[in-house]
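Step one of this worksheet: look at the structure below.
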């Protein structure tokens with residue numbers, strides 16, 4: 001949920017002054033060899049590189065994107081396309097400076113990591129979801145600053161619960177977590193679970209909607225929350241906890257089981273000469289010999305042999321043998 005930030009007048013003036021002074025003599029370099037403030041630094045040991053390239057977290061976000069589509073389906077009556085961006089690391093103050101002052105910010109506790117996370121939703125996106133959920137069209141709604149209505153609060157609750165469940169499912173590839181909602185805020189400055197100078201990992205997602213601009217939402221983890229599993233987040237090897245997407249498999253299986261198939265009973269294939277065919281008239285009969293039963297065909301493939309009979313006053317065929325493949 002980033003936005004373009006314009007430089008202030010003071011910042012512009014500072015840049016101009018720096019360009020004007022670039023030809024001036026460089027100041028003398030101070031001798032700090034005896035300073036007590038000097039400390040050793042090891043490259044790769046800083047917080048920004050702690051989690052490497054976030055490979056595991058990117059995999060979690062991609063799976064979460066697929067699972068989250070089903071959360072928005074009942075409200076939008078379509079299954080939107082959701083894409084994930086690579087995780088970013090910023091201080092919370094830097095993140096707050098790039099977003100609006102009116103947002104839905106749902107804070108939850110991850111007990112297994114002994115930390116918290118935050119789900120950030122844009123108010124315009126919430127208005128679109130609310131309007132579509134109660135029968136309206138998916139259309140751009142004028143964004144208002146202030147507070148959410150009770151109806152929108154209910155939609156926020158439904159979305160937060162659904163996305164938290166999808167996030168728990170997505171994390172199963174790495175470890176099992178349980179997400180418990182704790183509080184909700186509407187202003188980034190009022191968030192208390194993280195300090196302004198603390199580093200946070202920002203996972204942004206874009207929701208493609210028809211006829212309107214793409215919407216977005218963020219999942220934010222404090223860096224301290226993910227530190228205990230830094231080695232796992234750097235790993236490119238899947239763990240033993242990988243579970244299949246059962247909901248997807250169940251829907252696929254159900255869809256396959258509902259495919260209509262054409263079944264036909266072939267009583268016989270008598271032959272007739274052209275002479276007899278020309279002289280055929282009403283009430284003429286063809287002799288037909290049924291030896292070991294009639295063939296039962298599925299999509300033109302013989303799969304059973306059966307006997308012709310009657311059941312409950314209707315013609316029926318009793319299956320007597322399955323044709324081996």
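The values are calculated or read from the model by the stated rules, or taken from the named source; none is laboratory data. If you're wondering where the values come from, they're calculated on a predicted model, not measured in any experiment. Cβ sites come from the backbone with ideal geometry, for glycine too, and all protein chains shown count toward neighbours.
Hand me the list of strands (runs of 3 or more DSSP E) wholly inside the stretch 161-274 holding 3 or more residues that are in contact with a helix residue (DSSP H, G or I) (Cβ under 6 Å, 6 or more places away or on another chain) and at pLDDT 85 or above.
Details: elements: 179-185, 199-208, 215-222, 263-266.
Strands (runs of 3 or more DSSP E) meeting the threshold: 199-208.
(1) part of a loop (DSSP other than H, G, I, E, B); (2) within 22 Å of the chain's Cα centre (by Cα): which one isn't true of residue 116, the others all being true?
(1)
Mind listing just one residue for me: the one in the stretch 179-208 that is within 18 Å of the chain's Cα centre (by Cα) and surrounded by fewer than 19 Cβ atoms within 10 Å (Cβ to Cβ) and, of those, nearest to residue 118 (Cα to Cα)?
206
What number goes with the only condition from (1) out of contact with any helix residue (DSSP H, G or I) (no Cβ under 6 Å at 6 or more places or on another chain); (2) surrounded by 17 or more Cβ atoms within 10 Å (Cβ to Cβ); (3) touching a residue at least 40 places away in the same chain (Cβ under 8 Å) that residue 104 does not pass?
The one condition residue 104 does not meet is (1).
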